[in-house]
Amino acid sequence: MSDGEVRLEREGPVARVTFDRPAARNAMTWHMYARLGEICAELARDESVRVAVLRGAGGKAFVAGTDIAQFLEFKSGEDGIRYEERIEGYLGALETLPMPTLAVVEGWAVGGGLAIAACCDFRIATPGAQFGVPIARTLGNCLSVANTARLVAGLGAARAKRVLLLAETIAAEEAKAAGFVLDVVAPAELDARVAALAERLARHAPVTMRVAKEAIRRIVRSGLPDDHDLVRLAYGSDDFHRGVRAFVEKKEAEWTGR
């Protein structure tokens, strides 16, 4: 299957970023993550861009996580630490973009896709959108503390526990009730709603929005503890390797607790 692509287009003051791997529900490959990082670096330098809109190709998913087959290469917990640090570099670049960012979620935003959506300032969803991190029943790995903090900030602690411990997905209307989703819009009205919100944001004072974004980000991230021991425990576990193999082979994982 293709390594996929992340594409950047500009329409006046609006940048459009598209995750383009629809045959795999836009699951992120290493190439796609690296390309996202390059695009964020380019946008951070471009003062003409006032709003960035992120969307998955195909209309069936925003991003359905990271391509799990890539985890077959992992040998120890240290691989997990390197992976989480690498991904945080890309997510941090998205989160710290100076302009407002809007995730347009059609279908699945799970795993790494939920993390990408959580890094954006706003999320608009269609009624069928689903948000989740099913790793407790699929892979046996973990989120970084930074990504966990994003979920707690966006969904609240109780819903974050449902997502991470019960492996539940949160539907669009509940995500809206939690404040994580700004609006739930019928597919036929989605483009117009996104365009109206982007136009509104593009008219506002860029420096004010940049300062507000960064102030909120610093508050959410202040005092985050080191998480290497937790990441090492999860990615170094026998369960993680069992989970990855079972996922790739389309079987149900048998957990050992080791």
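Read-outs: derived from the displayed coordinates by stated rules, not from any lab. Just so it is clear, the model here is predicted, and its values are computed rather than measured. Neighbour counts are summed over all protein chains in view; Cβ atoms, including those assigned to glycine, are modelled from backbone coordinates with ideal geometry.
Which percent of the Cα-Cα distances in segment 1-94 go past 22 Å?
32 percent
If each Cα of the chain is one equal point scatterer, what is log10 of I(q)/I(0) from the Debye formula at q = 0.14 Å⁻¹?
Relative scattering, expressed as log10 I(q)/I(0), comes to -0.94.
Counting only pairs 8 or more residues apart or on different chains, how many lysine pairs in the chain have their Cα atoms under 28 Å apart?
11
For Val105, what residues show an amide H to amide H distance below 5 Å, using hydrogens built from the backbone and excluding near sequence neighbours?
It is Ile124, Ala125, Thr126, by chain and number.
Could you sort the peptides 123-133, 226-236, 100-110, 20-30 by per-residue average Cβ neighbour count (10 Å cutoff), highest mean leading?
Most protected by this proxy first, the peptides run 100-110, 123-133, 20-30, 226-236.
Count charges around Glu88 for me, please; just the other residues with Cβ under 14 Å from its Cβ, Lys/Arg as +1, Asp/Glu as -1.
So the surrounding residues net to 0.
With θ set to phi - 60°, apply the Karplus curve 6.51 cos²θ - 1.76 cosθ + 1.60 along segment 77-89 and write out the HN-Hα couplings as whole Hz, x wherever there is a Gly or Pro.
Couplings: x, 5, 4, x, 4, 5, 4, 5, 5, 5, 5, 4, x Hz.
In bins 10 Å wide, starting from 0, what share of all Cα pairs of segment 194-243 does each bin hold, as a percent?
20, 22, 20, 19, 18, 1
Report, in debye and to the nearest 20, how large the dipole of the chain comes out about its Cα centre when Lys and Arg carry +1 and Asp and Glu carry -1 on their Cβ.
With Lys and Arg at +1 and Asp and Glu at -1, about 420 debye.
On a 0 to 90° scale, report how tilted helix 206-221 is relative to the longest principal axis of the chain, with both axes built from alpha carbons and the result rounded to the nearest 10.
Helix 206-221 sits at roughly 20 degrees to that axis.
Please give the peptides 245-258, 173-186 ranked by average Cβ packing (other Cβ atoms within 10 Å per residue), highest first, as a rough proxy for protection.
173-186, 245-258
Among Ala192, Gly65, Phe240, pick out the residue whose Cα is farthest towards the positive end of the charge dipole of the chain, where Lys and Arg carry +1 and Asp and Glu carry -1 on C-beta, about the Cα centre.
So the residue furthest toward the plus end is Ala192.
Can you check what the net charge comes to around Asn26, using other residues whose Cβ is under 14 Å from the Cβ of Asn26 (Lys, Arg +1; Asp, Glu -1)?
It works out to a net charge of +1.
For the chain, give me the percentage of DSSP beta bridges that are antiparallel, rounded to the nearest 5 percent.
Of those bridges, close to 30 percent are antiparallel.
Using only Cα atoms, find the angle between the long axis of helix 238-248 and the longest principal axis of the chain, and express it within 0 to 90 degrees, rounded to the nearest 10.
Rounded to the nearest ten degrees, it is 60.
Of Ala24, Leu230, Leu182, which is farthest towards the positive pole of the chain's charge dipole, taken about the Cα centre with +1 and -1 on the beta-carbons of Lys, Arg and Asp, Glu respectively?
Leu182
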